[in-house]
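Single-structure report; data block below.
The values are calculated or read from the model by the stated rules, or taken from the named source; none is laboratory data. Keep in mind it's a predicted model, so treat the numbers as computed, not measured. Glycine also receives a Cβ, built like all others from the backbone with ideal geometry; neighbour counts cover every protein chain displayed.
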Amino acid sequence: MSMTTPPGWYPDPGAPGTERWWDGVAWTAHIRAPGGQVIGPQPVAVVVAPPARRRGPLVALAVLLVAAIVAAVAYLGRGADGPPATSTSPGAAAPVNPPSLKASSPPAPDPHTLVDQLNGITLPIPDGWEKTDDLATGLVTMATKDTYDCPGDFGYCHHGKVTTSTATMTDLKTAEAIARNDITDAANDAYDHNRGGARPYNGITSHREMRAGPVVVNGRTGYLVRWEVKTGAGPGGYVESLAFPSTVGSEAMVIARFAFDAGAAGPPLALMDTITRGIAPIGGALNGGVGSSLAPPSR
């Protein structure tokens, strides 16, 4: 079985960001941008014709002798392990090895972007925030990097947190209905009690609605409800449920939950709107955001 690398365009090891033609035997002078136009004449592949079926004894001996010489030269040119060295045309870059057929490694995740693959969206990660793994809920989550001792029950708390998920209330059809239905659970999960039963802020003592109304998210009309909550311990905080339709699949409703501590240590409340404006489809450009032609939200 032949191990020869087939002819084709491969990343040029001598000139990152370009591709060079491998003709099946050696590198050529033909280069191009990845997937772009060829610079210079079109390249060709070298095709080695199969040997004839019948050869006389002298011809067969000559073929074997030539093959042995070529193998010896190739071995000396590449060393014990690597592929043979090659030459290039004058003025061209000088890669020495044939291209590798191994799959390239996937790019490292962008530390400034939170990706929700299921719902087909990305969110900007603000400075001082990071993607976190919410093992209790499995939700796509980002939170402030710094933590502090919770003022109520034991544990560590974040000054800010944002999660995204697919809405599961199938009987609710509008973004407004979903956001209004979700806000109580969002507030309880953030400031009343966690899934383990602990009360990191000694529970919610009261709340008031600060804002509610339609909002454009990624070019689609959604709806937000924002509460201010007071807690038994600590300064309390602000909670928002934002519902909007996804642009992928069945266009199911997406819920983004925001929980920001009040007080000087908490994130600025305007950051909720900044993150909302930055929501975009995976691999796509922004398509709308807070502050469209919609009427101002109430309260």
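Name the residue that is surrounded by the fewest Cβ atoms within 10 Å (Cβ to Cβ), counting only residues in segment 213-239 that are of a type in the set (Gly, Ala, Ser) and out of contact with any Pro (no Cβ under 6 Å at 6 or more places or on another chain). Spell out how you get there, then give the answer.
So in segment 213-239, the residues of a type in the set (Gly, Ala, Ser) come out as 213, 219, 222, 232-234, 236-237.
From what's left, out of contact with any Pro (no Cβ under 6 Å at 6 or more places or on another chain): 219, 222, 232, 236-237.
Details: Gly219: 18, Gly222: 26, Gly232: 15, Gly236: 21, Gly237: 27.
Looking at residues that are of a type in the set (Gly, Ala, Ser) and out of contact with any Pro (no Cβ under 6 Å at 6 or more places or on another chain), I get Gly232.
Take Pro296 and tell me if it is touching a Lys or Arg at 6+ places or on another chain (Cβ under 7 Å), modelled with pLDDT under 95 and either more than 24 Å from Lys131 (Cβ to Cβ) or not hydroxyl-bearing (Ser, Thr, Tyr) (or both). Spelling it out, it is not the case that Pro296 is touching a Lys or Arg at 6+ places or on another chain (Cβ under 7 Å), modelled with pLDDT under 95 and either more than 24 Å from Lys131 (Cβ to Cβ) or not hydroxyl-bearing (Ser, Thr, Tyr) (or both).
A residue that is surrounded by fewer than 18 Cβ atoms within 10 Å (Cβ to Cβ), under 30 Å from Pro267 (Cα atoms) and modelled with pLDDT under 90 cannot be found anywhere in segment 88-103. Taken over segment 244-270, the criterion of being more than 22 Å from the chain's Cα centre (by Cα) and among the hydrophobic types (A, V, I, L, M, F, W, C) is satisfied by Ala259, Phe260, Ala262, Ala264, Ala265, Leu269, Ala270.
Within the option set Asp171, Asp146, Asp185, being surrounded by fewer than 18 Cβ atoms within 10 Å (Cβ to Cβ) and modelled with pLDDT under 90 holds for one residue only, Asp171. Every listed requirement among (1) within 26 Å of Gly128 (Cβ to Cβ); (2) at pLDDT 90 or above is met by Ala243 save one, (1). All conditions in (1) touching a strand residue (DSSP E or B) at 6+ places or on another chain (Cβ under 8 Å); (2) of a type in the set (A, V, I, L, M); (3) at pLDDT below 95 hold for Ile275, with the sole exception of (3).
Comparison of Asn188, Asn181, Asn202 shows that the only residue that is of a type in the set (S, T, N, Q), over 30 Å from the mean Cα position of the chain (by Cα) and within 20 Å of Thr276 (Cα to Cα) is Asn181. Ser206 passes every criterion in (1) crowded, with 19+ Cβ neighbours inside 10 Å; (2) of a type in the set (Ser, Thr, Tyr); (3) assigned to a strand (DSSP E or B) apart from (1). Close contacts from segment 149-160, counting a first residue that is assigned by TED's automatic domain parsing to the domain that holds Lys230 and exposed (fewer than 13 other Cβ atoms within 10 Å of the Cβ) and a second that is assigned to a strand (DSSP E or B) and among the charged types (D, E, K, R), with Cβ to Cβ under 9 Å and a gap of 6+ residues or different chains, come to Tyr156/Asp149.
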